[in-house]
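Trainee: Quick one: the structure is below, questions incoming.
What follows is calculated from the coordinates using simple rules that are stated; it is not laboratory data. The structure presented is a predicted model; accordingly, all values stated were derived computationally and were not measured. Backbone-built Cβ (ideal geometry, glycine too); neighbour counts: all protein chains shown.
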Amino acid sequence: MILEAKDLNYYYQDGEQRRYILKDTSVSFEKGKFYTILGQSGSGKTTLLSLLSALDSPQSGTVSFNEEDIKKIGYEKYRRNNVGIIFQSYNLIPTFTAVENVLVPMSITENEIPEDTKTVAYNLLDFIGIGKSKADRFVNKLSGGEQQRVAIARALATNVELILADEPTGNLDEEMEQEIIDIFKKLAHEHEKCVIVVTHSNEIALQSDQAFHLRKGVLSSYE
Amino acid sequence: MNFIKRGFLGITRKKGKSLILLAVIFILGNLISGAFSIQQATGNVEKNIKERLGAAATVELDQEELNALSEADWEGVEIENIGVDLIKQIGELSYVKYYDYSMSTNLGSESIESYQGEGMEDQVVMTGPSMDYRLKGINYAPVIDFEEQKGKLVDGRVFTQEEVDNGTSVAIISKKLAEKNNLQVGDTFTLTNAVYTYDDKTGEEELANSRDVVLEVIGLFEPQSIKEDQGESSDGGMFDWMDIEYQNTVYVPNEIIVSETKFNMEEYMKADAEFAAAMEGEEQTFEYYTPMFVLNNPEDSAAFEEEVTPLLPEFYTVINASDQYDSIAGPMKSMSNLSKYVLIAAVIATLLITGLVVLLFLRDRKRELGIYLSLGERRSRVVGQILIEVMVVAVIGITLSLFSGNLLAGQVSDTMMKADSNTSDEGIIYYSEIQQTNLTTEDVLDSYEVNLNSSYILGFYGIGLLTMLISTVIPLIYIVRLNPKKILM
């Protein structure tokens, strides 16, 4: 088990009432598997992902990475060394080229990275289908699918075992969506990564090794 | 791609914003640089002029305080003399390098001719009894005027303490006076202490008595500071009364002057019964000394004044040579004040304007900053990256404004000084016993110079960069409060 959430509660205080986004949510994830968390808009799936990626903290409950509470690891340090995050709107730095975007987390992480970081970055981009000519372009000159590939390469750049993706294909067409999902499957099955994708697409959920359904803050297995 | 490299890339990849920031810093930098240049230049003038004025001080009657007294106040007012004991007490203070107290009197002569200036002898018409020679009494044997470079001993020697204590008939005269009368060291010359009475009815003076004062020349001096000032003066060979007065000064031990003053007073009383009757019963003293204290440092003036003032009898005040600066430096002071206010305003404007510009740029880059934080970058390094971006541009802007602001300050201050000097009093020469030079407002303005020196450069970089740093750090609080989830999800 690489990641475990236990009794997570996340709510907004509305006067005297608590409006729960997540209620007593517990879930665990293993390496080498491709997971999906399915849910409608407002179901709390992005909040769950933000807690798993330490971009936010729960009011109660714990998230453990390799059986260590991420609060103890330190949220910033956990993000720096243990998790790669992919966003729906890519969130690349527009004034940097594709390869420069991949180089940024390499300079931030404390994980061991080969010395020739630029070669590693080019290889990573090549692995997810971005050739050298495109790697040297500014990211706003790339298509949406290409930008999301760059975002995936950036998430992999620090050599982490855990990849979290928030609606990664939300802005892409069907063909591109499948290409991205294939990359995730490859990362999980061939490279032993734990890939967790939050989505509202049943098609993607059906392709995952295990899918969860989140409804009104309560998580259940998706059959 | 560490935060330093990201900072530099941030400058080069966002050229438009960098140029806007550069322009803002350059414009504000010019204001700071200009005001700071003027501040530095006026400060240097004050320091230089005060150094030229010397570190001398004396104790005199406070004319302003006396003038302020009403007729009623004057009744019963008794003005004490400054006694030798008090002078010695003040002279022992730690601020004092050396001190002297001096009496002076004017005598005439029938055997020698006074110096009347180069080639001006025929043009001077003297009326009445001649009292051309100013005898200046000495208690400090090496002669303070020579130590302080007012004059320079060019032949012979200074007094011995024994000569001073005994009132030996020896004198140091100017080289020009000696040359005019073929006097050399070792020669003697005779001055006349003539006592005249004045007839109110005829308006004529009548010789009552006289006696010879025979003095041996032991040394010759040449004036120094007055001579230099003449050389620098724009009015060239104009007749200079101060030079003539100094060339005809005869340094002698104080005791000689006390003795001659006593003779003069006694003979006058013999000749004028009315005066003698008025003086009857009065305690008679013939010792009225003017003290002169040379301080270790002109900057000690204020502390010296503070310590001496409580020791003085009523109506006396401390006069410092550097006090003259206040009376001749009007234009300089107004410029110094104006530049001080401009400097303060420019620093505040820079803090506000640059702070706002940086904050606007940061808001524009909120997403980028959120990405760094989501990748686990330390907030301190994100702050560091922004600081590098702003401070590199700031160094360039400040360096450019260093030169242009300095040029601007030169132009502005030239215009201001011309305007100010047109409205100030021209041609007034200030001179007193304790002042070693005859400086004028013109001298002060002439010594004003806006230039690029190391203290200006360091000072300006210090003020400029510190202002920029503060105006950048305040908006950076914004980064510390950023929540990457809210920005990115």
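Trainee: Can you compute 3J(HN,Hα) from phi for each residue in the range B:201-213, using the Karplus curve 6.51 cos²θ - 1.76 cosθ + 1.60 with θ = phi - 60°, rounded to whole Hz and x for Gly and Pro?
Mentor: Whole-Hz 3J(HN,Hα) from phi for the range B:201-213: 6, 8, x, 10, 9, 10, 5, 8, 6, 7, 8, 7, 10.
Trainee: Dividing the convex hull volume of the Cα atoms of chain B by its residue count, what figure in Å³ per residue is obtained?
Mentor: Hull volume normalised by residue count: 225 Å³.
Trainee: Could you size up the charge dipole of the range A:93-154 around its Cα centre, putting +1 on the beta carbon of Lys and Arg and -1 on that of Asp and Glu, and report it in debye to the nearest 20?
Mentor: Once rounded to the nearest 20, the dipole reads 380 debye.
Trainee: Right, something else. Could you point to the residue in B:Leu369, B:Ser334, B:Met242 farthest towards the positive end of the protein assembly as shown's charge dipole, with +1 and -1 charges on the Cβ of Lys/Arg and Asp/Glu respectively?
Mentor: B:Leu369
Trainee: Something else: Would you list the P(r) distribution for the range A:93-154, with all Cα-Cα distances sorted into 10 Å bins from 0 and each bin expressed as a whole %?
Mentor: P(r) for the range A:93-154, in whole percents per bin: 26, 57, 16, 0.
Trainee: Another question, then. So for the pair B:Ser404, B:Asp187, with labels modelled 7 Å out along Cα→Cβ, what separation do we get in nm?
Mentor: 6.9 nm
Trainee: Mind checking the full-extension length gain between B:Lys340 and B:Glu314? Use 0.36 nm per residue of separation minus the Cα-Cα distance, one decimal, nm.
Mentor: 5.6 nm
Trainee: Sorted by mean Cβ packing within 10 Å, highest first, what order do the peptides B:183-189, B:105-111 take?
Mentor: Those peptides, ordered most packed to least, come out B:105-111, B:183-189.
Trainee: While we're here: Rounded to a whole number, what is D in µm²/s for the range B:48-189 from Stokes-Einstein with the Kirkwood radius over alpha-carbon pairs (4 °C, 1.567 mPa s)?
Mentor: Estimated via Stokes-Einstein, D reaches 68 µm²/s.
Trainee: Please compute, for the alpha-carbon atoms of the protein assembly as shown, the extent along each of the three principal axes and give them in descending order in Å.
Mentor: Answer, in whole Å and largest first: 140, 56, 45 Å.
Trainee: Also, I was wondering about something else. Set Lys and Arg Cβ to +1 and Asp and Glu Cβ to -1, take the dipole of the range A:93-154 about its Cα centre, and tell me which of A:Asn140, A:Val150, A:Ala121 lies farthest positive.
Mentor: Ranked along the dipole, the leading option is A:Asn140.
Trainee: Could you let me know the centre-to-centre spacing of the range B:246-264 and the range A:94-163, using Cα atoms, in angstrom?
Mentor: The range B:246-264 and the range A:94-163 have Cα centres separated by 98 Å.
Trainee: Once you average over the residues of B:367-374, how many Cβ atoms of partner chains fall within 10 Å of each Cβ?
Mentor: Mean partner shielding for this stretch: 5.
Trainee: How much FRET efficiency would the formula 1/(1 + (r/R0)^6) give for A:Tyr12 and A:Glu110, where r is the Cβ-Cβ distance and R0 is 25 Å, rounded to 0.05?
Mentor: 0.10
Trainee: Right, next: Among B:Glu147, B:Glu449, rank each residue by its count of other Cβ atoms within 10 Å, from fewest to most, as a rough exposure measure.
Mentor: Taking fewest neighbouring Cβ atoms as first place, the list is B:Glu449, B:Glu147.
Trainee: Here's something else I'd like to know. Which one of B:Val170, B:Val480, B:Ser401 is farthest out on the positive end of the charge dipole of chain B, using unit charges on Cβ (Lys, Arg +1; Asp, Glu -1) and the Cα centre as origin?
Mentor: The Cα lying farthest towards the positive end belongs to B:Val480.
Trainee: Same structure, new question: Considering only DSSP states other than H, G, I, E and B, which GluC sites (Glu not before Pro) in the range A:78-175 qualify as loop sites with at most 13 other Cβ atoms within 10 Å?
Mentor: A:Glu110, A:Glu112, A:Glu115
Trainee: Helix A:98-108 versus the longest principal axis of chain A: what angle, 0 to 90°, nearest 10, using Cα atoms?
Mentor: Once rounded, the angle reads 60 degrees.
Trainee: Over 27 Å between Cα atoms, which of B:Lys47/B:Lys150; B:Lys17/B:Lys486; A:Lys33/A:Lys118; A:Lys6/A:Lys31 qualify?
Mentor: Check vs 27 Å cut-off fails for A:Lys33/A:Lys118.
Trainee: For the residue pair B:Lys47 and A:Glu76, what label-to-label distance in nm results when each label sits 7 Å from Cα along the Cα-to-beta-carbon direction?
Mentor: Modelled inter-label distance: 4.4 nm.
Trainee: Based on Cβ point charges of +1 for Lys and Arg and -1 for Asp and Glu, what charge dipole magnitude is obtained for chain B about its Cα centre, in debye rounded to the nearest 20?
Mentor: For chain B, the charge dipole is close to 7980 debye.
Trainee: I would also like to ask the following. Give, in nm to one decimal, the length gained when the segment between B:Trp241 and B:Tyr98 is fully stretched (0.36 nm per residue of separation minus the Cα-Cα distance).
Mentor: Difference between extended and current length: 48.6 nm.
Trainee: Hey, can you grab everything whose amide H is under 5 Å from the amide H of A:Ser53? Only 5+ residues off in sequence or another chain; H modelled, so Pro and N-termini drop out.
Mentor: Sorted by chain and number, the residues that satisfy this come to none at all.
Trainee: Charges only on Cβ, +1 for Lys and Arg, -1 for Asp and Glu: so what's the dipole of the range B:57-328 about the Cα centre, in debye to the nearest 20?
Mentor: With only Lys, Arg, Asp and Glu charged at Cβ, the dipole is about 1220 debye.
Trainee: Taking amide H positions as placed 1.01 Å from N in the peptide plane, with prolines and chain starts having none, which residues 5 or more places from B:Leu312, or on another chain, fall under 5 Å of its amide H?
Mentor: none
Trainee: Next question. Under a 5 Å amide H to amide H cut-off, with H placed in plane at 1.01 Å, what residues pair with B:Val59 once short-range neighbours are removed?
Mentor: B:Ile319
Trainee: Now for a different question. Angle, helix B:3-13 long axis vs. longest principal axis of chain B, Cα atoms, 0 to 90°, nearest 10?
Mentor: So the helix axis and the longest Cα principal axis differ by about 90 degrees.
Trainee: Please compute P(r) over all alpha-carbon pairs of the range B:337-422, binned at 10 Å starting from zero, and give each bin as a whole-number percent.
Mentor: Going out from 0 Å in 10 Å bins, the range B:337-422 shows 13, 32, 25, 16, 9, 4, 1 percent.
Trainee: Whole percent per 5 Å bin, from 0 to the bin with the longest distance: what is P(r) over all C-alpha pairs of the range B:57-328?
Mentor: Values per bin, smallest distances first: 1, 5, 10, 13, 15, 16, 16, 12, 8, 3, 1, 0.
Trainee: Radius of gyration and Dmax for the range A:157-223's Cα atoms, expressed in Å?
Mentor: Rg and Dmax of the range A:157-223, Cα atoms, are 12.3, 35 Å.
Trainee: Right, another one. Just the C-alpha atoms of chain A: what Rg/Rh do they give, with Rh taken as the Kirkwood radius?
Mentor: My calculation of the ratio gives 0.97.
Trainee: Here is a follow-up. Using only the C-alpha atoms of the range B:1-72, find the volume of their convex hull and express it per residue in Å³.
Mentor: Expressed per residue, the convex hull around the Cα atoms of the range B:1-72 is 224 Å³.
Trainee: Compute the FRET efficiency between B:Ala303 and B:Gln411 as 1/(1 + (r/R0)^6), taking r as their Cβ-Cβ distance and R0 = 51 Å, and round to the nearest 0.05.
Mentor: The value I calculate is 0.85.
Trainee: Also, I was wondering about something else. Taking R0 as 56 Å, what's the FRET efficiency between A:His189 and B:Ser455 from their Cβ-Cβ distance, rounded to 0.05?
Mentor: 0.20
Trainee: Among DSSP beta bridges lying fully in the protein assembly as shown, give the percent that are antiparallel, nearest 5.
Mentor: The antiparallel fraction comes to roughly 65 percent.
Trainee: May I pose another question? Within a 10 angstrom radius of each residue's Cβ in A:83-96, how many Cβ atoms of other chains show up on average? Whole number is fine.
Mentor: Going residue by residue through A:83-96 and averaging, the value is 4.
Trainee: Compare the peptides B:205-211, A:116-122 by average per-residue count of other Cβ atoms within 10 angstrom and give them in order, highest first.
Mentor: A:116-122, B:205-211
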